[in-house]
Amino acid sequence: MPGRGRCPDCGSTELVEDSHYSQSQLVCSDCGCVVTEGVLTTTFSDEGNLREVTYSRSTGENEQVSRSQQRGLRRVRDLCRVLQLPPTFEDTAVAYYQQAYRHSGIRAARLQKKEVLVGCCVLITCRQHNWPLTMGAICTLLYADLDVFSSIYMQIVKLLGLDVPSLCLAELVKTYCSSFKLFQASPSVPAKYVEDKEKMLSRTLQLVELANETWLVTGRHPLPVITAATFLAWQSLQPADRLSCSLARFCKLANVDLPYPASSRLQELLAVLLRMAEQLAWLRVLRLDKRSVVKHIGDLLQHRHSLVRLAFRDGTAEVETRGKEPPAWGQGQREGEVGNNSLGLPQGKRPASPALLLPPCMLKPPKRICPAPPVSTVTGDENISDSEIEQYLRTPQEVRDFQRAQAARQAATSVPNPP
């Protein structure tokens, strides 16, 4: 093609057009030298007028996605496929990642933060679609620190101005309990510890709802409460074989991590169950403790709502009304005499008022460290200035005595010492 010129290397006129990645290029057919490259057209008018625009001047360079952003988008898609999320979730998560990446603070962030950003976009998408997914599960998949993840999560939500609803507690219980390895017999799980998934999940939900009604969930991380409720539900289904199993061993058998506050949440749940057991006549005579009350969790949950009202009602108004009522015993009876009441209390003794239904932080407020009082270093031998002395002078006689003492002191200091 002589009209197209010559090859700068070999001087051949055999130049052909070679379309490489949708870019028209002139290549020498003899030596393979690329004569022109990166020739693009931006609009249809340029194509119609046969005006060629190089790639560096085209809009394609401005729209080019950086390598870091491409890697992040691939990670978002891969994470969605690992979690088996619907395609719409994947598109939404990708859109959130692109929006966040437009901010300069995100583009200049470290690689660790960009990796956590992938999980944040997926978690936000799942929360908005009410898909049961925990922050801990995302951190496990990404090998990310939970504190770092939560801080970046809140930053992205605020940066993008998103409305993210909180995860439903019931859905969280179902998702978390499904990860327990106690529903199929295995060499690591004895047969007496294997439990039916539906029974265990149903009772765990009831215990978590009870914990929610008694303020044990409010303002706290839900996983320790769910772990304690799952442990109690598992024990109560077969108490004869499982009461000897501790919470730590249970978590080891279930192949889940033991949250640090789970032991405290377990003790709080047992205390609530004991108060509820005191309201049932056939359980009151058994004098249950925190170990034996597990056997009767089924009965307590069956009458849960009424027992909570009886065990935790506000006793202030009741005490006031009882104080106005006349005594129910005769005048001839002595105060220490035992009556025929149903509780077997001494005559003249009223039953204790029910505990107030308040959050644990109000029932047991944290102890505040009182600052130590300042240590006084006054010994009485310090020099006192004249202005301070005048503050203690109240009468003219004291003023005259002070003046005479000063004159005597000056006279004594002016007399020379004898040789």
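The values are calculated or read from the model by the stated rules, or taken from the named source; none is laboratory data. These numbers were taken from a predicted model, which means no experiment stands behind them. Please note: Cβ atoms are built from the backbone with ideal geometry, for glycine as well, and neighbour counts cover all protein chains shown. Side chains are part of the model used for accessible areas, which takes the heavy atoms of the whole protein and leaves out ligands, DNA and RNA. Shrake-Rupley method; radii C 1.70, N 1.55, O 1.52, S 1.80 Å.
The helices (runs of 4 or more DSSP H) located wholly in the range 255-315 that include 2 or more residues which are surrounded by 15 or more Cβ atoms within 10 Å (Cβ to Cβ) and hydrophobic (A, V, I, L, M, F, W, C) occupy 262-277, 297-302, 304-311. When the range 133-145 is filtered for residues that are in a loop (DSSP other than H, G, I, E, B), at pLDDT 85 or above and either open to solvent by less than 40 Å² (accessible area, probe 1.4 Å) or not acidic (Asp, Glu) (or both), the ones remaining, listed by number, are Tyr143, Ala144. Among the candidates Arg81, Arg71, Arg51, the residue that is among the basic types (Lys, Arg) and at pLDDT below 85 is uniquely Arg51. Inside the range 165-211, can you point out the residues that are over 20 Å from Asp257 (Cα atoms), open to solvent by 80 Å² or more (accessible area, probe 1.4 Å) and part of a helix (DSSP H, G or I)? Correct list: Ala191, Lys192, Glu198, Lys199, Glu209. Could you grab the pairs with beta carbons closer than 7 Å, sequence gap of 6+ or different chains, first residue in the range 215-233 and over 11 Å from Ala262 (Cβ atoms), second one open to solvent by less than 10 Å² (accessible area, probe 1.4 Å) and small (Gly, Ala, Ser)? Listed by first residue and then by second, the contacts come to Val217/Ala211.
With a requirement of 2 or more residues that are surrounded by 14 or more Cβ atoms within 10 Å (Cβ to Cβ), the helices (runs of 4 or more DSSP H) lying completely within the range 64-132 that satisfy it span 67-82, 87-101, 111-128.
Against the criterion of being open to solvent by less than 30 Å² (accessible area, probe 1.4 Å), farther than 18 Å from Tyr176 by Cα, among the β-branched types (Val, Ile, Thr) and part of a helix (DSSP H, G or I), Val148 does not qualify.
In the range 218-236 there is no residue that is at positive phi and surrounded by 18 or more Cβ atoms within 10 Å (Cβ to Cβ).
Evaluated against (1) out of contact with any Leu (no Cβ under 7 Å at 6 or more places or on another chain); (2) assigned to a helix (DSSP H, G or I); (3) surrounded by fewer than 16 Cβ atoms within 10 Å (Cβ to Cβ), Leu162 falls short on exactly one condition, (2).
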